[in-house]
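Notes follow the structure.
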Amino acid sequence: MQAMNQRHSFNLKLSRMAPLVPAALLLLGAGPLLAEATCTPPQSMKAQLQGKPTAAAFKELGVWFADQQQYACAADAFASSLQTEPDQKDAPHVAFMFGVSLYFSGDVKGATAALQEAEQLGYRDIKLHIVLATIFDSAHTTKEAEVEWRAALTFAPESSAALDGLSNDLILDGDFNGVIAELENPRLLGQRTPQQSFNLAAAYAGTAKLDEAVNVLRDGLNTSPDSLPLANRLASLLVQINRPDEALTVLDLALAQHPDDPEVKQNMAKVMQVLGAVK
Amino acid sequence: VFPDSRPLQRPRLKALALFAATVLALLSFGVLPLHLRSLGMAEFSPAVYAAQSGPRTLLHLSIDYPENGSIFPPGITPPTFLWRDAAGTSWSIDVTFAGKALPIHALSKGEHMKLGAIDPDCVADSNEPPKLTLQQAATWTWTPDKDIWAAIQANSVAQPATVVITGYREGTIAFSQARITLTTSADPVGAPIFYRDVPLMPSAGRNGVVEPLAPTAIHLIHWRLRDIRKLESHTVLKDMPTCANCHSFSADGKTFGMDIDGPANDKGLYAVVPVQKHMTIQGKDMVHWNTDGKVGQTRVGFMSQVSPDGRYVVSTFAGPDLKLGDTYYVTNFMDYHFLQVFYPTRGILEWYSRATGLRSPLPGADDPHYAQTDGVWSPDGKYIVFARAEARPPRTPGQAPAFRANDPGETQIKYDLYRVPFNNGKGGVAEPIAGASNNGMSNNFPKVSPDGRWIVFVQCRNGQLMRPDSQLYIVPFAGGTPRRMRANTRLMNSWHSFSPNGRWLVFSSKARSAYTQMYLTHIDANGNDSPAILIDNATAANRAVNIPEFVNIDGDGIEEIDVHVADEPK
């Protein structure tokens, strides 16, 4: 409960959140008072929150604040719920909501600790791992992010978000074979996003399998005809393997859809140079 | 409560970083040309380009169905061709033949792939409407009319037909093309397919225990018969008040057996009846596996199989000393995609004689140290092929729960295929089938080809039944080198059944949808199979088709099955 204990010091929390809180409000007083001042519960819940509110009441309040996108207030409410009844049956879920609230309120460090705590408490949901992976990616700790993306995939093996994220990180780490292993899973046929096609082609290209890279990009482009990254990359590779005529057709189509795109123009110029069309 | 967290991935920054990293990676591997770095130095003039534009090198469009090398059964209803194309806005479809037959030329403005009609009774909070994948949403379709399809079929028997799809822009400028070949087999399917048509509506009961289907929805299960030459299936059984499960027909198509739950959820009942156009199952037709009258003690008739001559039934039972709960690993999930994990961890094979009404253990497959299950007959009735694994409790104390199919928390069990002589019920020594045993995988659900030459079985990492990773393999009956079948689709391949002539195999898959569909593959005399052929319109888009089985009868050989036993007091 380390993260929660940290979070339960409202003053500490507010000092961390100072950039997010208007200075005028900071002048209003101590943490809890400030929280009350900035986080106004709905009229309908005031009765529940008078006296000694229950953990369930705080949780409900947190949900309400989250619905209003007042995530700092939601985090305070969820923390209060956990503080009121640490052993409540729904503690793992509340801890998760606490962590996500911190995340959306900008407290990434606290969010990380809280979400990991939620997992230790037994909370199992793909969202927990996606948020953690996103946090780690933001911090450029790709190895930790990869662990979380893989954990997310155990919940939903075809999750586009997780596969996009994992393959992005593996590419950044230069683990091309890892990308191929993940994205060539037969289960994913028909599911590839443009990002995954791009990454898989990059992985094949990175392992000198250019024909495979071209096939992946071509298939990806047939699924997503308006994808400029796929078109440009396909054209580049086609030039590389001495198929500039085909590259020309790819770029011709891309140009028709994106007449002002500079990369398409550059690639077109290059292809035409190769073809001897530009003097 | 919370918004999707994905926007916080900062996609543009990620994409930028990814692009930079990829370029670096490609450069480092010498993939990108060095002169790429000088891109932009040459100027591109659209006007000059337009003036010079002429014939294009055609791009490859992707034909997803039928796959190249597909073999269709004669008389099957017209398939829907599926392709994706980055370029075309209209298409031509040209079919040419090896003989003197005139080519076929068709035009298509292209229709996007669509989902079929849904059954409103099967919409639930615990499932989702069927939806197109990213690829499917980009897919174009063409379905030949019955005359064109008949011409294609008639002229593609001796040698393959070549189908060329060409994509056009602005009406006449060809931009893309791809081709496949397809063949029409000389081998008819020759029999209808009996299958179960079910809703995917897992339900959490009052006590929170998840059930694959709420008792109030059991009546939505249909049993249907499909002649692949017809556009629709025929429902032969529905509105059952209790569950009916695994079924089997004798090889001659004259005897039908099916698990039918009785009163008080007694899962120890099994119906064995003659196959007729109008079938009636009554109390007198029922076998009570629980001969001691104690409901649910030893059930189970798991994977019961009627012998080829209809005289016997072989099935899996807990054995004399175990209760049902000590023999099966069962976990149900609220995820409708794969809503149940279910396999025996203990059990013996027993055989039932319809003549004597007695049930006896089968020596060689009755060792309580093993789980012995999935028994099927060789076509001559001389052997039982079955799956065997070391026996273990369904769960161990402190075992982590499984939250989804293939969760590491599942009880781990890997079956091997064995063969044991039936020997008029005296059994014999069980022998492992090389190529389907001791390979680090779970080998299960065997089916023997009608000519007795092959066993087609399922291979997966763990357990059996409804495994997302299940793949079909074929191995000689005596054992040998197994071959992964060409027909395997991307997701779940199982519940297979041979046609009576042995040339076709029907199986279930979730390749196109979480709502399972049926496919066919042709198997030649050497055991070579062909890409999967979808049996269209087997059910609503939000219902699943499973346990398909060929029945050796005419296409309309069963009109209805009337069950008068399920609601009878015991």
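The values are calculated or read from the model by the stated rules, or taken from the named source; none is laboratory data. The structure presented is a predicted model; accordingly, all values stated were derived computationally and were not measured. Here the Cβ positions follow ideal geometry from the backbone for every residue, glycine too, while neighbour counts run over all protein chains shown. Ligands, DNA and RNA are excluded from the accessible area calculation, which covers all protein heavy atoms including side chains. Shrake-Rupley method; radii C 1.70, N 1.55, O 1.52, S 1.80 Å.
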B:Asp64 being part of a strand (DSSP E or B), modelled with pLDDT of 95 or more, more than 10 Å from every other protein chain (Cβ to nearest Cβ) and open to solvent by 40 Å² or more (accessible area, probe 1.4 Å): no
Selection from region A:43-102 of residues closer than 18 Å to A:Arg124 by Cα and open to solvent by 80 Å² or more (accessible area, probe 1.4 Å) yields A:Asp87, A:Lys89
Answer residue from region B:297-317, given it is open to solvent by 10 Å² or more (accessible area, probe 1.4 Å) and assigned to a loop (DSSP other than H, G, I, E, B) and is modelled with the lowest pLDDT among those: B:Thr298
Any idea how many residues of region A:103-119 are among the small types (Gly, Ala, Ser) and either open to solvent by 20 Å² or more (accessible area, probe 1.4 Å) or within 12 Å of A:Val131 (Cα to Cα) (or both)? 4
Residues in region A:73-118 that are acidic (Asp, Glu) and not in a helix (DSSP H, G or I): how many? 4
Can you list the helices (runs of 4 or more DSSP H) lying wholly within region A:200-279 that have 2 or more residues being under 21 Å from B:Thr139 (Cβ atoms)? A:210-223, A:228-240, A:244-257
Could you check how many residues of region A:256-266 are touching a residue at least 24 places away in the same chain (Cβ under 8 Å) and open to solvent by 10 Å² or more (accessible area, probe 1.4 Å)? 4
Selection from region B:213-252 of residues that are open to solvent by 40 Å² or more (accessible area, probe 1.4 Å), out of contact with any helix residue (DSSP H, G or I) (no Cβ under 8 Å at 6 or more places or on another chain) and over 20 Å from B:Ile193 (Cβ atoms): B:Pro215, B:Thr216, B:His219
Residue check, A:Thr142 against (1) open to solvent by less than 10 Å² (accessible area, probe 1.4 Å); (2) farther than 24 Å from B:Lys510 by Cβ; (3) of a type in the set (S, T, N, Q), all met but one. Which one? (1)
Take B:Phe498 and tell me if it is of a type in the set (A, V, I, L, M, F, W, C), in contact (Cβ under 8 Å) with a residue 60 or more places away in the chain and open to solvent by 10 Å² or more (accessible area, probe 1.4 Å). no
Identify all residues within region B:520-561 that are of a type in the set (Ser, Thr, Tyr) and open to solvent by 10 Å² or more (accessible area, probe 1.4 Å); write none if there are none. B:Thr539
Per-region count, region B:436-449, residues part of a loop (DSSP other than H, G, I, E, B) and either polar (S, T, N, Q) or under 20 Å from B:Cys246 (Cα atoms) (or both): 4
So is B:Arg490 within 23 Å of B:Glu549 (Cα to Cα) and either out of contact with any Phe, Trp or Tyr (no Cβ under 8 Å at 6 or more places or on another chain) or open to solvent by less than 10 Å² (accessible area, probe 1.4 Å) (or both) or not? yes
Can you tell me which residues in region A:186-209 are farther than 30 Å from B:Met485 by Cβ, open to solvent by 10 Å² or more (accessible area, probe 1.4 Å) and facing chain B (nearest Cβ under 7 Å)? A:Ala208
When you go through A:Leu253, A:Leu238 one by one, which is the residue that is buried (at least 20 other Cβ atoms within 10 Å of the Cβ), within 9 Å of chain B (Cβ to nearest Cβ) and among the hydrophobic types (A, V, I, L, M, F, W, C)? A:Leu253
Here are some residues: A:Glu158, A:Glu144. Which one is among the acidic types (Asp, Glu) and closer than 24 Å to B:Asp335 by Cα? A:Glu158
Name every residue in region B:469-485 that is buried (at least 19 other Cβ atoms within 10 Å of the Cβ) and part of a loop (DSSP other than H, G, I, E, B), in order of residue number. B:Asp469, B:Ser470, B:Phe477, B:Pro482, B:Met485
Can you find a residue in region A:93-108 that is touching a residue at least 24 places away in the same chain (Cβ under 8 Å) and more than 12 Å from chain B (Cβ to nearest Cβ)? yes
Hey, can you tell me all the residues within region A:210-235 that are β-branched (Val, Ile, Thr) and crowded, with 24+ Cβ neighbours inside 10 Å? A:Val216, A:Thr223
Within region B:105-144, residues being within 14 Å of chain A (Cβ to nearest Cβ), of a type in the set (A, V, I, L, M, F, W, C) and either open to solvent by less than 40 Å² (accessible area, probe 1.4 Å) or without any contact (Cβ under 8 Å) to a residue 40 or more places away in the chain (or both) number 5
Checking B:Glu390 against (1) free of Cβ contacts under 8 Å to residues at least 40 places away in the same chain; (2) within 12 Å of B:Gly463 (Cβ to Cβ); (3) acidic (Asp, Glu), which single condition isn't satisfied? (2)
Unmet criterion (only one of (1) in contact with a Leu (Cβ under 7 Å, 6 or more places away or on another chain); (2) surrounded by fewer than 20 Cβ atoms within 10 Å (Cβ to Cβ)) for B:Phe175: (2)
